[in-house]
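Notes follow the structure.
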Amino acid sequence: MATGLLEIGAVARQLGVAPSTLRTWERRYRLVVPHRGDQGQRLYDCDQIDLLGRVLVQVRRGARARAAHDLAGQPLPLRNSRFRFEPSPEAPLLARRALDELIGESENPRLAFYLRLVASELVKNAVLYGSKRDPIRMEATLFPDWIDLQVQNGGGRLSIKSLRTRRRQGGRGLEIVDALAEAWSIETGPLGTKIAVRLLVDAVP
Amino acid sequence: MNQAVRKGANESWFREVNERLERRAADKASSDGPFEIICECAREECTERISITFREYEAIRARSKTFAVVPGHHDRPYERLVSSTETYDVVEKLGAAGRVAEVGNPRDGEEPEHEPGAD
């Protein structure tokens, strides 16, 4: 056996699962595909065992197997910051400044510029269309290749149409999000609205 | 990054967004009706919108140092006013800011035969 590689039985014992579980996960999700030994036996390296450990953490937190693989397969975030702002006219500017903690000017000034632009537009929308009492929550997570940004506000359900209403002072924001984001989504319901945006580090714009 | 370079960079980055907004609008529109861009002034916090036709926008983009800004957003030490319309001014970046605008031009920067914003 190659140095540092473990057979399936040893890995299963280490992780506290049945070998058949590892084989099933391999066949269904293809996240961890072990090496093969001379006799065709499965051999796992350290990184693969770590990854299986991350899958199991998600399963033990209650995730279904597919979701656990999706979560474990994501790269680990480099930095994460959460903020809350009162729904005031200053909130977009405060959101811009807050993001400087996450990604500094010297690191990638162009990406920082676009991140601040998207954040301020979404927070402006939240101020204009969201609850006038509940705070606006913003979360930004930096990964090696992308940034995830979420802006959440209280208040009633919003329609995409209302967010696209013509307004000279900006704040509609969605066409800018369309132009800059790799992907974005909106979840809106009776208790509030959450917009999630992903900006790619190298593809902006 | 010194102030002139930073101002040039801001305008160039707004220009990049507007290039995308124009492409998106062109995909939807069948005529030369107006579409909206972001003000390309040097103030990063400014996200005011400008309504502009494709023809007007293309005339501005034909030069790498010209930008569309909301009337009054002309930044005098770093820009000269080229022309004005009811809804926007056309400014030309000068000095270091102008060089940043040239370097960051997403197009090849062929010079137009007419003054931008004057048609």
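Read-outs throughout are calculated quantities, based only on the coordinates presented, and are distinct from any laboratory measurement. Fair warning: this is a prediction, and the values are worked out from it, not measured in the lab. Because the Cβ atoms are built from the backbone with ideal geometry, glycine has one as well, and the counts that use them run over all protein chains shown.
Each stretch of four or more DSSP H residues adds -39500 (n - 2.57); spread over every residue of chain A, this sum gives -12000 deg cm²/dmol at 222 nm.
Put +1 on the Cβ of every Lys and Arg and -1 on every Asp and Glu Cβ in segment A:67-143; which of A:127, A:138, A:80 then has its Cα farthest towards the positive end of the dipole? Going by the Cα projections, it comes out as A:127.
Under a Gaussian network description of chain A, with springs only between Cα atoms under 10 Å, the residue in A:99, A:71, A:117 that fluctuates furthest is A:71.
What's log10 of I(q)/I(0) for segment B:1-94 at q = 0.10, 0.11, 0.14, 0.18 Å⁻¹, Debye sum over Cα points only, no solvent? Log10 I(q)/I(0), no solvent term: -0.23, -0.28, -0.45, -0.74. Straight-line cross-link partners of residue A:132 among the aspartates and glutamates, defined as a Cα under 15 Å from its Cα and at least 8 positions apart when in the same chain: A:86, A:90. In the protein assembly as shown, the ratio of gyration radius to Kirkwood radius, Rg to Rh, stands at 1.11 when only Cα atoms are counted. Ordered by the count of other Cβ atoms within 10 Å of each Cβ, fewest first, B:41, B:46 give B:46, B:41.
Extending 7 Å from the Cα toward the beta-carbon at both residue A:97 and residue A:157 defines two label points whose distance is 3.8 nm. When the Cα positions of B:105, B:8, B:81 are compared along the charge dipole of chain B, B:8 comes out farthest toward the positive end, with charges on each C-beta of Lys, Arg, Asp and Glu. Taking other residues whose beta carbon is less than 10 angstrom from the beta carbon of residue A:35, and scoring Lys, Arg as +1 and Asp, Glu as -1, yields +1.
Of A:132, A:194, B:93, how do they rank once you tally other Cβ atoms within 10 Å and put the fewest first?
A:132, A:194, B:93
Between A:113, A:25, A:183, the Cα set farthest toward the positive side of the dipole of chain A (charges on each charged residue's Cβ, about the Cα centre) is that of A:183. Within chain A, the selection of entire DSSP H helices by a Cα span of 24 Å or greater along the long axis and an average Kyte-Doolittle value of at least 0.0 returns A:109-129.
According to the Kirkwood expression over distinct Cα-Cα pairs, how big is the hydrodynamic radius of segment A:1-137, in Å? Numbers along the way, then the final one.
Values: mean 1/r = 0.0540 Å⁻¹.
Evaluated on segment A:1-137, it is 18.5 Å.
Magnitude of the charge dipole for the protein assembly as shown, about its Cα centre and with charges confined to Cβ atoms of Lys, Arg (+1) and Asp, Glu (-1), is about 1780 debye.
With only Lys, Arg, Asp and Glu charged, each at its Cβ (+1 for the first two, -1 for the last two), find how big the charge dipole of segment A:43-101 is about the Cα centre; round to the nearest 20 debye.
For segment A:43-101, the charge dipole is close to 280 debye.
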